[in-house]
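K.L.:
Please find one structure pasted underneath; my questions will follow.
The values are calculated or read from the model by the stated rules, or taken from the named source; none is laboratory data. Since the structure is predicted, the reported quantities are computational estimates derived from the model, not experimental observations. Don't worry about glycine lacking a Cβ; one is built from the backbone with ideal geometry, like all the others, and counts go over all protein chains shown.
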Amino acid sequence: MDQATHNKIVSFIWGIADDVLRDLFKRGKYPDVILPMCVLRRMDAVLEPTKQAVLDTKRMLDEAGITEQRAALADAAGQAFYNTSRFTLRDLKSRASQQQLLADFEDYLNGFSPNVQDILDNFKFRNQLPTLSKADALATLINKFLDPDIDLSPAGIDNHAMGTVFEELVRRFNEDNNEEAGEHWTPRDAVRLVANLVFLPVADQLKSGTYLLYDDACGTGGMLTVAEQTLAALGTQRGLQIDSRLYGQEINPETYAICKADMLIKGEGENADHIVGGAEWSTLAHDAFPGQEFDFMVANPPYGKSWKKDLEAMGGKDGMRDPRFKVMHAGEELSLVTRSSDGQMLFLVNMASKMNHSSALGSRIAEVHNGSSLFTGDAGQGESNIRRWLIENDWVEAIVALPLNLFYNTGIATYVWVLSNRKPAHRKGHVQLIDASQWFKPLRKNLGKKNCELGPDDIDRICRAFLDFKETAESKIFPNAAFGYWKVTVERPLRLHSQLTLKAIETLRFASGDEELRAALYEEYGDDLFSNFDRIAAALERRLAEWGGDDDEGEDEEASATKKGLPEKKRKKLLDAKTWERDGRLVEVATALRETLGGELFEDHNLFRDRVDDTLKAACTKLPAAELKLILRAVSWRVEDAPRVIAKVHKAGKVRADPMRGLFDAEVAGNACVVEYEPDSDLRDTEQVPLLEEGGIDAFIRREVLPYTPDAWVNDSATKIGYEISFTRHFYKPQPLRTLAEIAADIVAAEKEAEGLLDGLLMAGAPS
């Protein structure tokens, strides 16, 4: 089909929307009618020659009592789909009434095979019929699609050309409704780049045979289609017989319907069966292809989109056991679960879990992400763990920075991640970063936020930079470890003074939390809360039930808000007699300690703690360690030059001193020993130490920390590995400073402009 015929058909169908649907539907709803009608007309035309054979086969199967009829009917139709209704679209042209037409049209729709029913259901096409019928537009719509000026039968347009027409209609509708386009449609220029990055590096290694292609956020199927075409073209160039099997998953019902319909229209019934989707088919929560491996994978998943619903369905962050997102790596279980606010990286993980590790070619992946994929997530968190898992497995070949404003609904920075589990020898152990942000062609007219495109020369330039694998101004090559770091927790010793003051002891009354609430209740109910709770329990429950119902007149808004809407969890805790009993006991013990030790100031907390322990032992008072800690902390405060608080003492010779790890030589009670100090959480700090740091963590701490805080140490148990990728740092181009002459010239020009404006004002105000 030549371009003129193609344009004529597309324009004609496009015009039907304005001719028939205007004033009936919003423009954004046009594709909900036009696209399924386009599918129906094509299928109707394809099935017309075998219509009688299908009806005869249906009658024979019914008479024989055979219930499973799909294979036989599809065989009779000679297609992957069929229709057992006695009607064709042409039969419906002559209906006298809209009521009869609607009934017959519904009978016609009901006759289609289950795979077409799936498409219609996800299009929600039947929902549009009442509106069309009431407006007397259904007959007009059918007649328009039967117009002899557009022949949508196989005689007039082959499968490939029909697929091209359908895809063009999808593109136009998406551009026309561009505020939503980016959710399900990637510009073809970006798709072509992705396809080239997947196939070109292994073009010489392709062999005749079948290859499996996969998109886990396939939208309308554009990426799969272009990938299939690119692979076929490379095969043809090399004289190969290549067969592609397409697999996809899509949660949006309408876009899933478009994708599946496109496959059927192009005569790819088997591929259509491999497209799974609809609202219940989230890729993250419901993997449609568990255990399946693929040769090539492409995708542009949603970014910045919450996946909280999926996470809850999978058991939550702690309960999830999906093997895709909880993996063994470097001898430990690594959680790849990201923040619930953005699940984009999980689509890349899903693809990586489906790599083919048995074939010589392995698997190749190209997936589009926004900038957050490069750096969000702290060390040990999901996003960082994903980067670590991918890079340390040596799967990341390259990351390509794309131009801004390349997509329809966003101007943010986007990047193509290119992965392979069969890196060539010269790429092993390295990641290539390509800054292609300035390689684009401006559009004459913006399409939504899209104001540029990747022309053929731009795509070729990017692919050449990738294939050349050389250091240039726009191509940087790094060892894998260059993106990794240790997040090191640096501790400093706790230093305290202690004193058993009445004021400090009194704070223990409300040690269980909610101090303001408990203090207010204490004013009402007094010591009964601690010693006679049963007597006031009922009254307290009533009081809490009406909390916030008091007259708040005169209170400021913030104060009033704190009294209203008491959370159930907090209410239950306040009604728990054990919390009050425990706090009362703390006060009693602390008061008894004061009676014995007095209210003197202890400048050494270690001495104070020993005296407390001796006093409690003498009084045969046993306290849980947690309760004792509450008392000690309530009557102590930080002092910068106080002696360090000892947490643990090791006998000399049992443990070797290692100040870097918090093991210090000391003398306690006249005996040499090794001690560990209590860390001060307020002074706790973290450092990022590059994995490539010469001498590792110890060298970094000696150089950057100990000269300033000599008593600091590293908490090895808290050390985590993180990975992040900074394009800005690696491709930063400093702007040269302006010369003094340039600055002086600008000042003189500004002064002259100001003088001119002033003269103009004075002239305007002068009397005439």
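K.L.:
Within the group L231, L224, which residue is surrounded by fewer than 24 Cβ atoms within 10 Å (Cβ to Cβ) and either over 16 Å from D118 (Cα atoms) or in the same structural domain as A161 (by TED's automatic domain parsing) (or both)?
P.N.:
Details: L224 fails: surrounded by fewer than 24 Cβ atoms within 10 Å (Cβ to Cβ).
After ruling out the rest, the residue left standing is L231.
K.L.:
Output the residues belonging to region 20-31 that are assigned to a helix (DSSP H, G or I), modelled with pLDDT under 90, out of contact with any Asp or Glu (no Cβ under 7 Å at 6 or more places or on another chain) and not aromatic (F, W, Y).
P.N.:
G28, K29, P31
K.L.:
Right, another one. Are any residues in region 359-378 over 17 Å from the mean Cα position of the chain (by Cα) and hydrophobic (A, V, I, L, M, F, W, C), and if so, which ones? Let's see the steps before the verdict.
P.N.:
Step one: list which residues in region 359-378 are over 17 Å from the mean Cα position of the chain (by Cα), which gives 359-365.
Scanning region 359-378 gives A360, L361, I365.
K.L.:
Mind listing just one residue for me: the one in region 542-556 that is assigned to a helix (DSSP H, G or I) and surrounded by fewer than 13 Cβ atoms within 10 Å (Cβ to Cβ) and, of those, modelled with the lowest pLDDT?
P.N.:
Just the residues of region 542-556 that are assigned to a helix (DSSP H, G or I), to begin with: 542-545.
Now narrow it down to the ones that are surrounded by fewer than 13 Cβ atoms within 10 Å (Cβ to Cβ): 542, 545.
Numbers: R542: 90, A545: 87.
So, considering only residues that are assigned to a helix (DSSP H, G or I) and surrounded by fewer than 13 Cβ atoms within 10 Å (Cβ to Cβ), the one modelled with the lowest pLDDT is A545.
K.L.:
Does region 629-649 contain any residue that is more than 30 Å from L508 (Cα to Cα) and out of contact with any helix residue (DSSP H, G or I) (no Cβ under 7 Å at 6 or more places or on another chain)?
P.N.:
Among the residues of region 629-649, not one is more than 30 Å from L508 (Cα to Cα) and out of contact with any helix residue (DSSP H, G or I) (no Cβ under 7 Å at 6 or more places or on another chain), which makes the answer no.
K.L.:
Can you name the number of the only condition in (1) touching a residue at least 24 places away in the same chain (Cβ under 8 Å); (2) under 26 Å from I725 (Cβ atoms); (3) not aliphatic (A, V, I, L, M) that G455 fails?
P.N.:
Condition not satisfied by G455: (2).
Quick grid of which residues meet (1) more than 23 Å from A718 (Cβ to Cβ); (2) polar (S, T, N, Q); (3) within 45 Å of the chain's Cα centre (by Cα):
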site	(1), (2), (3)
N606	yes, yes, no
K629	no, no, yes
V635	yes, no, no
E667	yes, no, no
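K.L.:
Given P707, P679, P734, P690, which one is within 30 Å of G377 (Cβ to Cβ) and free of Cβ contacts under 8 Å to residues at least 60 places away in the same chain?
P.N.:
On inspection, the qualifying residue turns out to be P734.
K.L.:
Right, here's the next one. Has region 572-580 got at least one residue that is charged (D, E, K, R), assigned to a loop (DSSP other than H, G, I, E, B) and either out of contact with any strand residue (DSSP E or B) (no Cβ under 8 Å at 6 or more places or on another chain) or under 19 Å from E516 (Cα atoms) (or both)?
P.N.:
Going through region 572-580, the residues charged (D, E, K, R) turn out to be 572-573, 576, 578.
From what's left, assigned to a loop (DSSP other than H, G, I, E, B): 576.
Still in the list and also either out of contact with any strand residue (DSSP E or B) (no Cβ under 8 Å at 6 or more places or on another chain) or under 19 Å from E516 (Cα atoms) (or both): 576.
Yes: region 572-580 contains one or more residues that are charged (D, E, K, R), assigned to a loop (DSSP other than H, G, I, E, B) and either out of contact with any strand residue (DSSP E or B) (no Cβ under 8 Å at 6 or more places or on another chain) or under 19 Å from E516 (Cα atoms) (or both).
K.L.:
Also: Restricting to region 69-90, name every residue that is aliphatic (A, V, I, L, M) and modelled with pLDDT under 95.
P.N.:
Passing the criteria: A71, A74, A77, A80, L89.
K.L.:
So which of E367, E280 ends up being of a type outside the set (A, V, I, L, M) and free of Cβ contacts under 8 Å to residues at least 40 places away in the same chain?
P.N.:
Residue meeting the stated conditions: E280.
K.L.:
Kindly evaluate F87 against the criterion of being in a loop (DSSP other than H, G, I, E, B) and among the aromatic types (F, W, Y).
P.N.:
It is true that F87 is in a loop (DSSP other than H, G, I, E, B) and among the aromatic types (F, W, Y).
K.L.:
Of everything in region 413-427 that's in a loop (DSSP other than H, G, I, E, B) and either in contact with a Lys or Arg (Cβ under 9 Å, 6 or more places away or on another chain) or of a type in the set (S, T, Y) (or both), which residue is farthest from M355 (Cα to Cα)?
P.N.:
R422
K.L.:
If G269 passes every condition in (1) touching a residue at least 60 places away in the same chain (Cβ under 8 Å); (2) touching a His at 6+ places or on another chain (Cβ under 7 Å); (3) not hydrophobic (A, V, I, L, M, F, W, C) but one, which one does it miss?
P.N.:
All conditions pass for G269, except number (2).
K.L.:
Follow-up. Among the numbered criteria (1) part of a loop (DSSP other than H, G, I, E, B); (2) at pLDDT below 90; (3) exposed (fewer than 10 other Cβ atoms within 10 Å of the Cβ), which single criterion is violated by Y708?
P.N.:
It is condition (2) that Y708 fails.
K.L.:
Please work out which one of (1) at pLDDT below 85; (2) assigned to a helix (DSSP H, G or I); (3) not small (G, A, S) is the condition I157 fails and give its number.
P.N.:
For I157, the exception is condition (2).
K.L.:
For region 658-687, enumerate the residues that are in a loop (DSSP other than H, G, I, E, B), at pLDDT 95 or above and more than 30 Å from T507 (Cα to Cα).
P.N.:
G662 - this is the single residue of region 658-687 that is in a loop (DSSP other than H, G, I, E, B), at pLDDT 95 or above and more than 30 Å from T507 (Cα to Cα).
K.L.:
Would it be correct to say that A103 is within 20 Å of V33 (Cβ to Cβ), without any contact (Cβ under 8 Å) to a residue 40 or more places away in the chain and either exposed (fewer than 14 other Cβ atoms within 10 Å of the Cβ) or β-branched (V, I, T) (or both)?
P.N.:
Numbers: within 20 Å of V33 (Cβ to Cβ): yes; without any contact (Cβ under 8 Å) to a residue 40 or more places away in the chain: yes; either exposed (fewer than 14 other Cβ atoms within 10 Å of the Cβ) or β-branched (V, I, T) (or both): yes.
Criteria met by A103.
K.L.:
Hey, could you check region 618-641 for residues that are touching a Ser or Thr at 6+ places or on another chain (Cβ under 6 Å) and not in a loop (DSSP other than H, G, I, E, B) and say which is farthest from E588 (Cα to Cα)?
P.N.:
S636
K.L.:
So V116 clears everything in (1) in a loop (DSSP other than H, G, I, E, B); (2) buried (at least 16 other Cβ atoms within 10 Å of the Cβ) except one condition, right? Which one?
P.N.:
(1)
K.L.:
Name the residue, out of L692, L586, that is at pLDDT 95 or above, in contact with a helix residue (DSSP H, G or I) (Cβ under 6 Å, 6 or more places away or on another chain) and surrounded by fewer than 16 Cβ atoms within 10 Å (Cβ to Cβ).
P.N.:
Only one candidate passes the filter, namely L692.
K.L.:
Same structure, new question: Condition check: under 12 Å from the mean Cα position of the chain (by Cα), part of a loop (DSSP other than H, G, I, E, B) and surrounded by fewer than 22 Cβ atoms within 10 Å (Cβ to Cβ). Does R324 satisfy that?
P.N.:
no
K.L.:
Kindly indicate whether L433 is surrounded by 21 or more Cβ atoms within 10 Å (Cβ to Cβ), in the same structural domain as L348 (by TED's automatic domain parsing), more than 19 Å from N300 (Cβ to Cβ) and under 25 Å from the mean Cα position of the chain (by Cα).
P.N.:
yes
K.L.:
Looking at region 40-63, can you tell me whether even one residue there is basic (K, R), at pLDDT below 95 and not in a helix (DSSP H, G or I)?
P.N.:
No, region 40-63 contains no residue that is basic (K, R), at pLDDT below 95 and not in a helix (DSSP H, G or I).
K.L.:
If you don't mind, another one. Pull up region 92-113, narrow it to residues that are assigned to a helix (DSSP H, G or I) and aliphatic (A, V, I, L, M), then point me to the one that is nearest to M43 (Cα to Cα).
P.N.:
Out of the qualifying residues, it is L109.
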